[in-house]
Amino acid sequence: MKAFSNANPPDLKSAVALAQQARQAGRAASIVGGGSDVLGMMKDRLITPDTIVNLKAIKGLDQIKTEGGGLRIGGLTTLDAISRHLVIRQKYTVLAEAAADVATPQIRNVATIAGNVCQRPWCWYYRNGFNCLKNGGSVCYSVTGENQFHAIFGGGPSYIVHPSDTAPALVALGASFRILGPSGERTVPAAEFFTLPTVNAARENVLKEDEVLAEIVVPSLAGGIRSRYHKVMDREAWTHAVVSAAVVLDLDGGVCRSARIVLGGVAPIPWRLPEVERMLAGQRMTPELAARAGEAAVAGAKPLPKNGYKVPLTRAMVRRTLESLTG
């Protein structure tokens, strides 16, 4: 690992300034919260920062606050804290379940919500240092190579899948992200935070240089809201979703007033299914309707040579998650 200096700013404004000053001086800088992903990338020399701007000393970034019927979650809040928080477990079940499904207990104790949302892809070509689109090259080797776990929606020119479990849940909940950077503060809806490779094949979100995801704001929910997160993995732990589904339903006596369905593990961004949501709105939830929703969920899928199995897996995932919410 390359030698680096460590800075511990007292607040976010100072953290952003330190990162900006380092870059202006020609030194590479990385802003770190929990550090579980960044440290691994440094060990593998995927990134070689001269300066680490550590956010751990900043007070208040690891708090969960109830406000106006909704939630404000600090970017340094650990996934374990989110999975155990009583209000989140009761009212925002999809987020608690998603946080609880990340990696292992040891990782969840240190990994933060901001880090999970902003983590880089786990495509083996990228993580093993190939000169691919994510590493400054001009080729996505997965197109003709090992693509068993790659995208069936939204792919091209890169076919990575977004690795976050909590991201689909936050999109499904209609959350927004408070971002702080050199130009000040801005708020971005979670659904607009993630970007397809057609926008910039080297990036996965709208964060600009030296910006920090400071806080996640989750709106209040109606009384009839029920939610669930289901995830299929290729092994029991320390891995990412092959296919996952975050589903939020507003139910009234078995009738779906509205729905939000967001898939993970199948696209370069959390993949929302607006047509399926419209299909469910105003309908009484039945096993037959859930099955039709599963069929509609895979419309337009374009699997690569080795990941066609994700199509029936996605179909079944959507059907089963809807059935689990409606009994």
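List of remarks:
- Among beta bridges that DSSP assigns inside segment 16-75, antiparallel share in %, nearest 5: 50
- Lysine pairs meeting the criterion (Cα under 24 Å, 8 or more apart or interchain), as found in segment 1-100: 8
- Accessible surface ranking that places the most exposed of Arg72, Arg292 first, with a 1.4 angstrom probe: Arg292, Arg72
- 5 angstrom amide H check on Val243, placed H, neighbours 5+ away: Val232
- For segment 15-26, 3J(HN,Hα) per residue [Karplus equation, 6.51 cos²θ - 1.76 cosθ + 1.60, θ = phi - 60°, Hz, x = Gly/Pro]: 4, 5, 5, 4, 5, 5, 5, 4, 5, 5, 8, x
- DSSP-defined antiparallel bridges as percent of all bridges, the chain, nearest 5: 85
- The 1.4 Å probe gives accessible areas that order Lys302, Lys310, largest first, as Lys302, Lys310.
- Whole-Hz couplings from phi, Karplus 6.51/-1.76/1.60, listed for segment 217-229; x for Gly and Pro: 10, 10, x, 5, 10, 5, x, x, 6, 10, 8, 7, 10
- Close amide H contacts of Ile269 (hydrogens built in the peptide plane, cut-off under 5 Å, sequence separation of 5 or more or a different chain): His162.
- (1) 143; (2) 128; (3) 190, with the label sought being that of the calculated volume of the Cα convex hull per residue in Å³: (2)
- Normalised contact order of the chain, rounded percent, pairs of Cα under 8 Å and 6 or more residues apart: 17
- Electrostatic dipole magnitude of the chain [Cβ: Lys, Arg +1; Asp, Glu -1; Cα centre; debye, to 20]: 140
- J(HN,Hα) series, segment 65-76, from Karplus relation 6.51 cos²θ - 1.76 cosθ + 1.60, nearest Hz, glycine and proline x: 10, 8, 8, x, x, x, 10, 10, 10, x, x, 8
- Dipole magnitude for segment 119-250: computed about the Cα centre from +1 point charges on Lys and Arg Cβ and -1 point charges on Asp and Glu Cβ, it is near 160 debye.
- On Cα atoms only, tilt of 287-297 relative to the major axis of the chain in degrees: 40
- Label-to-label distance, nm, for residues given as Arg127 and Leu46 (7 Å Cα→Cβ offset): 0.7
- Taking all protein chains into account, the per residue accessible area for the chain stands at 44 Å² (1.4 Å probe).
- Heavy-atom accessible surface of the chain: percent carbon and sulfur, 1.4 Å: 50
The values are calculated or read from the model by the stated rules, or taken from the named source; none is laboratory data. Remember, predicted model here, so these are calculated numbers, not experimental data. Ideal geometry is used to build each Cβ from the backbone, glycine not excepted, and the neighbour counts take in all protein chains shown. SASA here: full protein model, heavy atoms, side chains in, ligands and nucleic acids out. Shrake-Rupley method; radii C 1.70, N 1.55, O 1.52, S 1.80 Å.
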